[in-house]
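Structure, as structure tokens:
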Amino acid sequence: MLVLSRKQDEKIIIGDSITLMVVSIQGDKVRLGIEAPKEVTIHREEVYRAIQEERQRHSSGSVDTSSNAS
């Protein structure tokens, strides 16, 4: 893992098409701005894991339809 230090408004460039910028730092939270091509999906880790779990449930055929009732 590459670990870099950046101050507010400083950027990190990934490849030729992805830019990360430290937008603000408040206490223990850092806000990041991300510029990337539309075909690059970007998710917070917890959202990514939820998507992967949902895909696994669908691919294994054990889809719970009880919450889909109107």
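Read-outs throughout are calculated quantities, based only on the coordinates presented, and are distinct from any laboratory measurement. Since the model is a prediction, treat every value here as computed from it, not as a measurement. Every residue, glycine as well, gets a Cβ built from its backbone with ideal geometry; the counts of neighbours run over all protein chains shown.
Values for this structure:
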{"read-out": "Per-residue Cβ neighbour rank within 10 angstrom, fewest leading, Thr19, Thr41", "value": "Thr41, Thr19"}
{"read-out": "Model label zone, Lys7; criterion: amide N under 15 Å from point 7 Å along Cα-to-beta-carbon; scope region 15-32", "value": "22-25"}
{"read-out": "Val23, Val3 arranged by Cβ crowding within 10 Å, fewest neighbours leading", "value": "Val3, Val23"}
{"read-out": "Candidate aspartates and glutamates - alpha carbon under 20 Å from Lys38, same-chain residues fewer than 8 apart omitted", "value": "Asp16"}
{"read-out": "Listed residue (Ala36, Ile25, Gln52) projecting farthest to the positive dipole end of the chain, Cβ model", "value": "Ile25"}
{"read-out": "Set of aspartates and glutamates with alpha-carbon distance to Lys11 below 17 Å, sequence-local pairs under 8 removed", "value": "Glu35"}
{"read-out": "Residue range of the chain that is longest and free of trypsin sites (Lys or Arg not before Pro) which are both DSSP loop and sparsely packed (at most 16 other C-beta within 10 Å)", "value": "8-37"}
{"read-out": "Burial ordering of Leu2, Leu32, fewest other beta-carbon atoms within 10 Å first", "value": "Leu2, Leu32"}
{"read-out": "Nearest-20 debye value, the chain charge dipole, Cβ charges on Lys, Arg, Asp, Glu", "value": "120 debye"}
